[in-house]
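One structure below.
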Amino acid sequence: MNKKKNQTTEENFALALQNHKKNNLQIAKKLYKETLKSSPYYEGVHSNLGILYNQLGEHQKAMNCYEKAIKIQPNNSAAYNNLGNTLKELGEYQKAISSYEKAIQINTNYVDAYYNLGIILSELGEYQKAMSSYEKAIQINPNYANAYYNLGNTLKELGEYQKAMSSYEKVIQINPNHIDAHNNLGNILNELGENQKALNSYEKAIKIEPENLTSHWLSMNTFPVIYNNFEEIDQYRKNFLKSIKKVNLLLDTQSKYSKKQLVNAIKSSTNFYLHYQGKDVLELQQHYAHLIEQITQNIYQEFHKERKKNISSKYIKIGFVSSFFRSHTVSKLFKNWILKLDQKYFKRFVYYVDNKFDHTTNEIKQNVDYFFNHTDVDQLINQISHDNLDVLIYLDIGMRPIIQILSSLRLAPIQCNTWGHPVTSGFKNIDYYFSSELMEDQNSQKYYSENLIMLPNLGINYDFPNLSNIKKPNILNKSNTTIFLNLQSLFKLLPQDDHIYLDILKKNSDCCFWFIHGKKISVTSIFKERISKLFKKEGYDFEKYSYFHPRCSQEEFFGLIEESDIILDSFNWSGGNTSLEAISLNKPIVTYPSAFMRGRHTYGILKILDIEETIAISKKNYVEIAVKLANDKNFRNSIVDKIKKNKNKLFNDDKPLKFLEEVIRKKLI
């Protein structure tokens with residue numbers, strides 16, 4: 001009898017496995033359960049049923065199955081590994097780590113357990129430990145392509161770009177058709193300023209899989225970090241428009257793409273560097289936004305519907321979304337919008353789309369009504385929607401890919417953008433743009449898809465910088481010449497403006513131009529090479545008249561400003577936060593405002609200080625002012641005196657905040 005029973009059990013189990021392999025999951029589930037009725041201690045059935053439940057997304061049931069399998073066979077390393085995967089899906093990261101470690105303890109050569117442990121450690125930001133796990137997996141299996149791939153991702157996070165590239169190249173050597181490795185190799189090349197090589201990597205991925213949406217999206221959003229010449233700018237704008245059309249053609253048949261593929265494509269990159277070309281971007285932004293809207297209308301249809309205003313609540317529920325609720329320019333500019341809103345009228349909801357925490361994060365978290373932190377787009381969408389907000393303000397649309405998805409949706413009755421990234425969004429579901437009256441003019445609305453609302457003065461309530469721990473930078477061979485300092489990222493400095501430095505030098509040869517290194521040395525090298533060619537044509541050695549300071553702490557950054565004499569504001573993308581910091585240290589700034597708000601930050605600052613003398617009306621005039629500040633000590637001192645007298649007007653200004661509250665309470669709601 002027992003023999004017959006065992007035979008039936010084995011037959012049921014074999015049949016269950018066959019159906020499971022053929023993806024007949026419901027039939028397989030039924031057969032597994034029938035098998036367990038006759039053999040409740042059959043470890044293999046519990047383990048396979050756990051795998052099946054995971055496939056069905058029923059992770060709690062899967063966990064129960066693995067726990068039963070382990071109870072029956074305590075040294076089952078595979079069950080511990082699978083339990084780890086399930087716990088990870090349930091968000092139980094520490095328990096998952098313990099499971100993987102137990103699997104490794106049982107089987108020290110369990111390659112998949114090392115690999116899975118590496119993935120979870122990476123997600124927790126423990127990159128050194130993750131790297132060790134991947135290296136151990138590779139040691140056991142030298143041809144483990146995915147271990148090399150994830151090792152590359154980890155090295156990239158650690159800033160080890162050359163080593164990361166080597167890892168991706170090893171993946172491609174093992175598996176030439178590994179599309180993600182080609183894409184990520186392209187991403188690194190792009191960040192290193194090798195944009196043509198990056199495009200070649202994406203093209204290789206597209207050749208392998210012509211309809212790979214992520215590869216096309218990455219290619220579309222590839223721009224030089226540093227332009228070699230002015231002509232390149234127009235070429236890349238044309239390329240961007242062509243790429244949008246290509247992606248549109250792919251999306252015409254988007255029913256073949258899964259939700260995951262569509263989301264992964266949008267999450268792969270933004271068109272961030274398009275915005276630094278010194279040109280009107282409204283039309284291109286609208287084309288790009290339409291592309292994203294087309295996708296999200298398909299996968300998040302319910303979040304493209306109109307939302308009714310809440311009229312019964314005692315408070316106005318206002319939400320703020322950012323990837324930079326930490327020590328970052330965005331928080332310096334806008335955190336007081338959140339912290340100082342009148343709590344008699346407002347309930348403040350904060351949605352932080354990143355995992356980096358510091359004292360600024362904690363300050364915001366401890367002083368708002370609701371704080372939600374996640375990087376999963378569905379979790380964010382569901383939470384924001386569930387909170388039933390009246391107003392939702394995005395502080396930095398265009399900087400992080402995930403926010404592209406959120407801002408394309410209708411998650412609140414009123415949705416607003418502002419100048420954490422000072423460019424129009426182009427999205428139909430963003431209603432208003434909060435700007436500064438001093439940074440706009442009578443023609444500004446034509447550059448925005450949103451309705452422009454101009455707040456008084458700078459539009460912000462900005463804390464006076466903490467100057468108590470200034471660190472003097474270690475600069476060798478600092479001479480007594482006039483130091484002109486440009487505080488901006490090198491990608492904001494366009495080739496058509498390089499002659500400014502040469503023109504100043506021709507009128508005052510006793511000077512030196514200071515810059516901040518790019519995030520990557522290769523980016524600095526491209527910028528240096530470009531400007532050196534111009535200097536060489538005129539018989540000057542750029543190296544002799546320039547200094548590039550390494551990227552540094554906030555305290556040393558202040559020290560660098562202190563050591564300088566005159567700040568040269570960049571054209572087309574003006575200093576905002578950095579100019580406020582320079583003013584706090586009483587440094588004169590020369591600026592030439594452009595047509596766009598992003599080129600008028602310093603202009604607005606100087607207007608409040610009642611300093612018209614260093615606002616140029618042309619590039620020629622900019623050079624004249626810079627030279628006058630260098631040569632005429634009385635003129636420079638008069639500007640410094642004005643700064644000292646008026647600078648407190650810039651800081652902790654309540655007027656913009658009161659106006660913001662009034663606009664929301666009486667006009668928007």
- Note on the structure: Here the range 173-182 yields Karplus 3J(HN,Hα) values (6.51, -1.76, 1.60; θ = phi - 60°; whole Hz; Gly and Pro given as x) of 5, 6, 9, x, 9, 6, 4, 4, 5, 4
- Item | Under the Debye formula (equal points on every Cα, no solvent term), log10 I(q)/I(0) of the range 349-434 at q = 0.11, 0.16 Å⁻¹ | -0.28, -0.62
- Collect residues whose amide H, placed 1.01 Å from N in the peptide plane, falls under 5 Å from the amide H of residue 395; neighbours closer than 5 in sequence don't count. 321
- How big is Rg to Rh over the range 370-414, alpha-carbon atoms, Rh as the Kirkwood inverse-mean-distance radius? 0.91
- Query: Just the accessible area for residue 514, please: 1.4 Å probe, Å², rounded to the nearest 10?
  - Reply: 10
- Task: Could you work out how far helix 59-72 tilts from the main Cα principal axis of the chain, as a 0 to 90 degree angle to the nearest 10?
- Result: 50
- Taking only C-alpha positions in the range 133-258, Rg and Dmax in angstrom work out to 16.0, 51
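Based on the Kirkwood radius over alpha-carbon pairs, what is the Stokes-Einstein translational diffusion coefficient of the chain at 25 °C with 0.890 mPa s viscosity, in µm²/s? If you can, show how the numbers build up before the last one.
Numbers: Rh = 28.0 Å.
Once the numbers are plugged in, D ends up at 88 µm²/s.
For the chain, what % of the accessible area comes from carbon and sulfur atoms, probe 1.4 Å?
Values: 13780 of 29850 Å².
So the carbon and sulfur contribution to the accessible surface is 46 percent.
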- Enter the per residue convex hull volume of the range 126-193, computed from alpha-carbon coordinates, in Å³ rounded to the nearest integer. 66
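Fully extended, how many nm does the chain gain between residue 375 and residue 669 (0.36 nm per residue separation, minus their Cα-Cα distance)?
On the way: separation 294, 0.36 × 294 = 105.84 nm, distance 2.95 nm.
Full extension of this stretch gives 102.9 nm more.
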- Message: Place a point 7 Å from Cα of residue 60 in the direction of its Cβ. Which residues in the range 77-100 have their backbone N less than 20 Å from it?
- Response: 83-96
- Message: If each residue of separation counts as 0.36 nm, what is the full-extension length gain between residue 463 and residue 75 once their alpha-carbon separation is subtracted?
- Response: 133.8 nm
- Query: Using Cα pairs under 8 angstrom and six or more residues apart, how large is the relative contact order of the range 429-506, in percent?
  - Reply: 24
- Message: Quick check: the distance between the Cα centres of the range 247-278 and the range 50-103, to the nearest angstrom?
- Response: 35
- With a Förster radius of 60 Å, plug the Cβ-Cβ distance of residue 67 and residue 211 into 1/(1 + (r/R0)^6) and report the FRET value to the nearest 0.05. 0.90
- Task: Relative to the compact-globule scaling 2.2 N^0.38 Å, provide the ratio for the alpha-carbon radius of gyration of the range 576-669.
- Result: 1.27
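How far, in nm, would the chain grow between residue 197 and residue 620 when pulled straight, counting 0.36 nm per residue and subtracting the alpha carbon separation?
On the way: separation 423, 0.36 × 423 = 152.28 nm, distance 3.75 nm.
So the extension gain works out to 148.5 nm.
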- Message: Under 20 Å between alpha carbons: how many lysine pairs meet that in the range 326-483, if sequence neighbours fewer than 8 apart on the same chain are excluded?
- Response: 12
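Counting other Cβ atoms within 10 Å of each Cβ, which chymotrypsin sites (Phe, Trp or Tyr not before Pro) in the range 252-314 have at most 10 and sit in a DSSP loop? Present the calculation step by step, with values, prior to reporting the outcome.
Working: sites: 257, 272, 273, 276, 288, 300, 303; in loops: 257, 300.
Sites meeting the loop and neighbour criteria: none at all.
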- Message: I'd like the distance between the alpha-carbon centres of the range 488-562 and the range 104-157, rounded to an integer number of Å.
- Response: 41
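Rounded to the nearest 0.05, what FRET efficiency is calculated for residue 554 and residue 428 with R0 set to 60 Å and r the Cβ-Cβ distance?
Values: r = 38 Å, r/R0 = 0.64.
For residue 554 and residue 428, the calculated efficiency is 0.95.
Taking a 22 Å limit on the Cα-Cα distance, which of the listed pairs 204/528; 204/520; 238/492; 197/528 fall beyond it?
On the way: 204/528 31 Å; 204/520 25 Å; 238/492 20 Å; 197/528 20 Å.
Violating the 22 Å Cα-Cα cut-off are 204/528; 204/520.
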- Here the equivalent ellipsoid of the range 515-594, derived from its Cα gyration tensor, has semi-axes (largest first, whole Å) of 24, 16, 13
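Which loop-located chymotrypsin sites (Phe, Trp or Tyr not before Pro) does the range 1-99 contain, where loop means any DSSP state but H, G, I, E or B and the Cβ has at most 13 other Cβ atoms within 10 Å? Could you put the intermediate results ahead of the total?
Values: sites: 13, 32, 41, 42, 53, 66, 80, 93; in loops: 41, 42.
Within the range 1-99, the qualifying chymotrypsin sites (Phe, Trp or Tyr not before Pro) (loop, at most 13 other Cβ atoms within 10 Å) are 41.
Using r as the Cβ-Cβ distance of residue 638 and residue 471, and R0 as 22 Å, what FRET efficiency do you calculate, to the nearest 0.05?
Details: r = 30 Å, r/R0 = 1.35.
Using R0 = 22 Å, I get an efficiency of 0.15.
With Rg and the Kirkwood Rh both taken from Cα atoms, where does Rg over Rh land for the range 438-529?
Details: Rg = 18.7 Å, Rh = 17.6 Å.
Here Rg/Rh amounts to 1.06.
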- Item | Alpha carbon convex hull of the range 83-198, volume per residue in cubic angstrom | 97
- Reciprocal of mean inverse Cα separation for the range 482-627 (Kirkwood radius, Å): 15.4
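Starting from the coordinates of the alpha-carbon atoms of the range 306-364, obtain the Kirkwood hydrodynamic radius over all distinct pairs and give the value in Å to one decimal. Walk me through the numbers before you get to the answer.
On the way: mean 1/r = 0.0788 Å⁻¹.
For the range 306-364, inverting the mean 1/r across all distinct Cα pairs yields 12.7 Å.
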- For the range 133-239, accessible area per residue (1.4 Å probe, heavy atoms of protein chains only), Å²: 44
- Take the Cα atoms of the range 395-498, find their three principal axes, and give me the spread along each one in whole Å, biggest first. 58, 37, 31
- Item | Amide H partners (placed H, <5 Å) of residue 454, local residues excluded | 435
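With N set to the residue count of the range 399-441, report its C-alpha Rg divided by 2.2 N^0.38 Å to two decimal places.
Working: Rg = 11.1 Å, N = 43, 2.2 N^0.38 = 9.2 Å.
My calculation over the Cα atoms of the range 399-441 gives 1.20.
Of the listed peptides 378-391, 527-540, what is their order by residue-averaged count of other C-beta atoms within 10 Å, with the highest listed first?
Working: 378-391: 17.4, 527-540: 15.1.
Listed from highest to lowest mean packing, they are 378-391, 527-540.
The values are calculated or read from the model by the stated rules, or taken from the named source; none is laboratory data. Since this is a predicted model, take the numbers as computed values, not measurements. All Cβ positions, glycine included, derive from the backbone under ideal geometry; neighbour counts span all protein chains shown. Side chains are part of the model used for accessible areas, which takes the heavy atoms of the whole protein and leaves out ligands, DNA and RNA. Shrake-Rupley method; radii C 1.70, N 1.55, O 1.52, S 1.80 Å.
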